[in-house]
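Encoded as structure tokens, the structure appears first; notes follow it.
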Amino acid sequence: MTTEFEELATSTVETLGHEPIGWDYDHENDPNAPPDIEAALEKLQPDHGHNDYSQLVAIPVSEEEIEASSKIDYVKWKQERAAKPHKDGGFEYAEHSYLGDSLTLAWNDGQSYVAKNKPFTLPNGLEVTYGQINGLAGDFYGTVNPISDGRDLQDQRQRFLRAWYWLAVDRTRNPAEAQKILTTLSTEVDMVQAALDKGQDPSTVYPKIPDVNVQLQLYTIARPDECPSYLGLAKINWDHFGADARTAYNACHSVALQVAASGNLELAYAMNAFGDHFLQDSFAAGHMRTPRRKLHDSVGAADLCAKYMHDEDNAIGLSVKSPIGRAWHTFGDKKLLDKEDIANKNEAWNAVRASADEIYTAWKTKTVPEYRKYAAWNYAPILSEVSSIVAPLFTPDGQRRVDIRKRCQAKYTYKYWYWSTAADCALSGLWKYPIKPTADCKI
Ligand SMILES: [Zn+2]
């Protein structure tokens, strides 16, 4: 004889047994998808998708602003402040330089040099600064084997060394290829710099920056199989997101520390600059909660969904906390240099400085710090404590916001298709620049 309770339990199990959950749901075989899905996906790309050479940072000078930016209501502070006329341009920056290039690196001659003025000569003859390596790593140089896919630290370190090989050792393509890439990117760098010089937010000039993606793809399309093209790398870029970015950085940093401890400070700094790319990406809002690794399929519809989530979080921003107890609001790629994002810029800069300092200490003391206890992470957002008014478009367990048009409505479903989601995001017009909170959001 079965009790009521047992009956209920059995029926529940049966229902659950037939219901696919989370990532197991068939998100790919979308009945609405057109036969020429790859061409159709091209048209759904968000229209502000510039190349992602986003780690450009100027060092703020106004004490008042630095102080305000560390407070959680900084955005409000800024809005109130902006309403009043401001004679001496307190929101402007006096010194503009990029994150890696603004570091002061201690050298083996007992001197310290600003990174921008002290380029490295890589084994293949390529001359690049710390900041330039930051920008080239991962986005332009990597392999078909993401570092974070490595089964253990040893494997991850090997993967990093292969990625490093294509930037710094290979002579079949470099130094010429990297030089062409840097020349092409210099238009963007110059335009961002010009905006900063005028006291404008770089995000306001980004829509005017010529789209050089086609050109960058052209330079990199004929690469050997192991080293994907620029756009090929973007399709497998989970090393740049969330926990995977930490894995990638830790692998690179551990190699660089070892090289430093064995006596080669210059090579160690250059390798570390490669790893710092993943550290810097860890400060972009769109890289914190997007389940990038999961949002990947063979045609790229899932990857496009990841891009929509990435762009939404980047634009609207997230509230974050670091292990050393600082709290701030962070935006994302293309906003890192905006006045609004000053707190994030400071923390990112502190992290990169801690990363480089650790290399110097390893060289000096011939000892390496314990893996996973790397100083840089003291400054980075704690992933589990990220929060926002915006309900994430996708959750780590594979659900999607029921209504993509209601950014703050935290209702979820696992029954969705990638193509339909991407098409809906494009059709909604809500991902057109600038991306804003929707009417259901209470700010
Ligand atoms: Zn990146």
Neighbours by Cβ (under 6 Å, 6+ apart or cross-chain): first from region 30-59, under 30 Å from ALA115 (Cβ atoms) and outside any loop (DSSP other than H, G, I, E, B); second modelled with pLDDT of 60 or more and away from the ligand (no atom under 16 Å from the Cβ): ILE59/SER102
Filter result (in contact (Cβ under 8 Å) with a residue 60 or more places away in the chain and among the aromatic types (Phe, Trp, Tyr)) within region 371-394: TYR371, TYR374, TRP377, PHE394
Test: residue in region 120-140 that is charged (D, E, K, R) and not in a loop (DSSP other than H, G, I, E, B): yes
Scope region 203-221; condition away from the ligand (no atom under 16 Å from the Cβ), of a type in the set (Ser, Thr, Tyr) and either within 20 Å of PHE274 (Cβ to Cβ) or in contact with a helix residue (DSSP H, G or I) (Cβ under 6 Å, 6 or more places away or on another chain) (or both); matching residues: TYR219
Checklist (1) at pLDDT below 95; (2) not in a helix (DSSP H, G or I) applied to GLN409, failing item: (1)
Condition met for ILE342 (of a type in the set (Val, Ile, Thr), touching a residue at least 12 places away in the same chain (Cβ under 8 Å) and either surrounded by fewer than 21 Cβ atoms within 10 Å (Cβ to Cβ) or touching a Leu at 6+ places or on another chain (Cβ under 7 Å) (or both)): no
Those residues of region 412-443 which are touching a helix residue (DSSP H, G or I) at 6+ places or on another chain (Cβ under 6 Å) and either in a helix (DSSP H, G or I) or modelled with pLDDT of 95 or more (or both), in sequence order: TYR418, TRP419, THR421, ALA422, CYS425
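Matching residues to (1) crowded, with 22+ Cβ neighbours inside 10 Å; (2) not β-branched (Val, Ile, Thr):
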{"residue": "ALA380", "(1), (2)": "yes, yes"}
{"residue": "GLU385", "(1), (2)": "no, yes"}
{"residue": "ILE389", "(1), (2)": "no, no"}
{"residue": "ARG401", "(1), (2)": "yes, yes"}
{"residue": "TRP419", "(1), (2)": "yes, yes"}
{"residue": "ALA423", "(1), (2)": "no, yes"}
{"residue": "LEU430", "(1), (2)": "no, yes"}
Residue that is farthest from ALA163 (Cα to Cα), among those in region 97-137 that are crowded, with 17+ Cβ neighbours inside 10 Å, under 27 Å from the mean Cα position of the chain (by Cα) and of a type in the set (S, T, N, Q): SER97
Residue in region 288-327 that is modelled with the lowest pLDDT, counting only those that are more than 23 Å from ASP424 (Cα to Cα) and buried (at least 23 other Cβ atoms within 10 Å of the Cβ): LEU318
The one condition in (1) within 16 Å of the ligand (Cβ to nearest atom); (2) within 11 Å of ALA248 (Cα to Cα) that GLY150 fails to fulfil: (1)
For ASP403: the one exception among (1) modelled with pLDDT of 95 or more; (2) under 18 Å from VAL255 (Cβ atoms); (3) part of a loop (DSSP other than H, G, I, E, B): (2)
Answer from ASP197, ASP170, ASP139, ASP152 - the residue that is closer than 15 Å to TYR230 by Cα and of a type in the set (D, E, K, R): ASP139
Failed item, numbered, when THR187 is tested on (1) within 22 Å of ASP313 (Cα to Cα); (2) over 20 Å from the mean Cα position of the chain (by Cα); (3) among the hydroxyl-bearing types (Ser, Thr, Tyr): (1)
Helices (runs of 4 or more DSSP H) contained entirely in region 146-221, each with at least 3 residues that are at pLDDT below 90: 176-197, 202-205, 213-220
Neighbours by Cβ (under 8 Å, 6+ apart or cross-chain): first from region 225-238, in contact (Cβ under 8 Å) with a residue 24 or more places away in the chain; second away from the ligand (no atom under 12 Å from the Cβ) and aromatic (Phe, Trp, Tyr): GLU226/TRP166; CYS227/TRP166; TYR230/TYR219
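The values are calculated or read from the model by the stated rules, or taken from the named source; none is laboratory data. Predicted model only: the values in this text are computed from it and were never measured. Quick reminder, even Gly has a Cβ in these numbers, built from the backbone with ideal geometry, and neighbours come from all protein chains shown.
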